[in-house]
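Encoded as structure tokens, the structure appears first; notes follow it.
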Amino acid sequence: DNWEKDSAFARQFFCGTNPVMIEVAKDPEKQLSKNLVNYFGKGKLQELADKNQLLFVSYDDLADLKVNPHQMFPLPQNNASGPDDGPAPQVHPKYFYAPIVLFTYDYDNDELDVLGIQLERTDDARVYTKNTCGENEWLVVKCQVTAADSNMHEWVSHLGNTHLTMEVISMRRFSVLWSRFCHSTHPCILTYLFSNLAKK
């Protein structure tokens, strides 16, 4: 019942599947976009930063991605979804947002709250807040952030850092540390790499 609340959304950045993105802001002018600094005010943000109450997540890597030329619907559906049951016009490409999310931390209630969200990386990008958005618009903005977080988790944390990096180490530990030398570090490494590879 609480999934739509900002506190539940914010909690996922500590307790969710990808808790490696959130950072503490120390110098808002250098770490945040000009849009966010101008919107909330340099003084207010620096005051929060000085109290260690300002945190942020910035999906910088997604800003370099191009617009996906593929349509929103799979090809079989796309072929029959246009006028007169013909192909749909190729005017609905997928977009990658590269959001920046600002959080404030409430020490008294031990709770993280969303201060604002910037979805785009343009000079005139809009800053969304719960006070300036309708209920549905705010929910959609948070969904876009969740999609960006999922992309980073699946491509970087999961595929890159787990499968493409650690699986190589996990495989080599058998051929180098165990079968060849019975190395004394093998039990320690085994603990950290337990269940890293799928078992049949």
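The values are calculated or read from the model by the stated rules, or taken from the named source; none is laboratory data. Keep in mind that what you see is a predicted model, and the values were worked out from it rather than measured. Counting neighbours? That spans all protein chains shown, and the Cβs are built from the backbone with ideal geometry, glycine included. Surface accessibility is based on the protein's heavy atoms, side chains included, excluding ligands, DNA and RNA. Shrake-Rupley method; radii C 1.70, N 1.55, O 1.52, S 1.80 Å.
So here's what we get for this one:
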{"quantity": "Cα-Cα over 20 Å, subset of Lys5/Lys26; Lys5/Lys142; Lys5/Lys44", "calculated": "Lys5/Lys26; Lys5/Lys44"}
{"quantity": "Residue-span extension gain [Lys44 to Cys133] - 0.36 nm each, minus C-alpha spacing", "calculated": "29.9 nm"}
{"quantity": "Virtual spin-label span in nm between Leu164 and Asp84, 7 Å along Cα→Cβ", "calculated": "4.6"}
{"quantity": "Kirkwood Rh, Cα atoms: Rg over Rh of region 11-55", "calculated": "1.04"}
{"quantity": "Label point distance in nm, Trp155-Ala8, each placed 7 Å from Cα along Cα→Cβ", "calculated": "2.8"}
{"quantity": "Rounded to the nearest 10 Å², the accessible area of Tyr107 at probe 1.4 Å", "calculated": "130"}
